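Visitor: The structure under discussion is supplied below as structure tokens; questions concerning it will follow.
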Amino acid sequence: MSKVKLNLIAAACENMGIGFNGTLPWRLKKEMAYFTEMTTKVKDPAKKNAVIMGRKTWDSIPNKYRPMSDRANIVLTSQVNALKENVPEEVIVVSSLDEAIEYIKGCPDIESTWVIGGSYIYKAAIDHPNCDKIYLTEIKKSFNCDTFFPNIDKQKFQLIEEEGVPTEKQTEGDISYYFRIYKHI
């Protein structure tokens, strides 16, 4: 059985902030479309991807977008039974990242695994031996945030380019940003 590789995907501003009061501090339509494309795109049309998130991230997704379509939604929480009663049946609720990985290993129809937040789940994933790549949208502006992306150890991750991911500066309104990919060395 092949190892489940974890891809992290996030957008962070200059102070590495990723959220404020349970929402994104910015509205970037093209960046959100990039997130959707990256987390849904598969090579094998018979498969789909998995998204792993914490309960607060699940709660922050507007009702009309949850569960995220065309993806296996896996939510991590210490309150497994309480959450299971409050989510749609197809949402998988587990208590740890390792439990999520074990679940995915048993799903031959899952192609890629994406960790989508929040802070605590990103930190666990970056430190996990299965961490492969970090897809980080680096927003060139500061925002007031109360949730942050963990530090990326440049001794363990190197910046790479990947086909289909633009390297040039992106701009929406008065906000510019770059799509960056860091691969575990």
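What follows is calculated from the coordinates using simple rules that are stated; it is not laboratory data. Keep in mind that this is a model prediction, so the values were computed, not measured. Cβ placement follows ideal geometry from the backbone for every residue including glycine, while neighbour counts extend to all protein chains displayed.
Visitor: For the range 102-149, with equal point scatterers placed on the C-alpha atoms only and solvent neglected, what are the log10 I(q)/I(0) values from the Debye formula at q = 0.16, 0.25 1/Å, to two decimals?
Guide: At q = 0.16, 0.25 Å⁻¹ the computed log10 ratios are -0.60, -1.10.
Visitor: Okay, moving on. What's the magnitude of the charge dipole for the chain around its Cα centre, counting Lys and Arg as +1 and Asp and Glu as -1 at the beta-carbon? Answer in Debye, nearest 20.
Guide: Dipole of the chain, to the nearest 20 debye: 160 debye.
Visitor: Per residue, what volume in Å³ does the convex hull of the Cα atoms of the range 6-180 enclose?
Guide: Output value, Cα hull per residue: 122 Å³.
Visitor: A follow-up question, please. About its Cα centre, what dipole magnitude does the range 1-109 give when the only charges are +1 on Lys and Arg Cβ and -1 on Asp and Glu Cβ, stated in debye to the nearest 20?
Guide: Roughly 320 debye for the range 1-109.
Visitor: Please list the non-local residues whose amide H lies under 5 Å from the amide H of residue 140, H modeled 1.01 Å from N, same-chain partners needing a gap of 5 or more.
Guide: Those lying under 5 Å, H to H, from residue 140 are 176, 177, 178.
Visitor: Using only alpha-carbon positions, what ratio does the radius of gyration of the range 1-70 give when scaled by 2.2 N^0.38 Å?
Guide: 1.24
Visitor: Explain nothing, just compute: Karplus ³J(HN,Hα) = 6.51 cos²θ - 1.76 cosθ + 1.60, θ = phi - 60°, for every residue of the range 151-162 in order, whole Hz, x for Gly and Pro.
Guide: So the Karplus estimates, Gly and Pro as x, are 4, 9, 6, 5, 7, 9, 10, 10, 6, 10, 10, 9 Hz.
Visitor: Follow-up. Of the residues 41, 133, 169, which exhibits the maximal mean-square fluctuation in a Gaussian network model of the chain defined by a 10 Å Cα contact cut-off?
Guide: Ranking 41, 133, 169 by mean-square fluctuation puts 169 first.
Visitor: Would you please give the FRET efficiency between residue 151 and residue 69, computed as 1/(1 + (r/R0)^6) with r the Cβ-Cβ distance and R0 = 35 Å, to the nearest 0.05?
Guide: Efficiency computed from Cβ-Cβ geometry: 0.60.
Visitor: Let me ask something else. Given H placed 1.01 Å from N in the peptide plane, which residues other than close sequence neighbours of residue 111 have an amide H under 5 Å from its amide H?
Guide: Amide H neighbours of residue 111: 48, 49, 50.
Visitor: Between 17, 106, 54, where does the largest GNM mean-square fluctuation fall for the chain, given springs only between Cα atoms within less than 10 Å?
Guide: 106
Visitor: While we're looking at this one, here's another question. What percent do you get for the relative contact order of the chain when only Cα pairs under 8 Å and 6+ apart count?
Guide: 33 percent
Visitor: Can you pull the three principal axis extents for the Cα set of the range 51-91, in Å, largest first?
Guide: Sorted from largest, the Cα extents of the range 51-91 read 24, 19, 16 Å.
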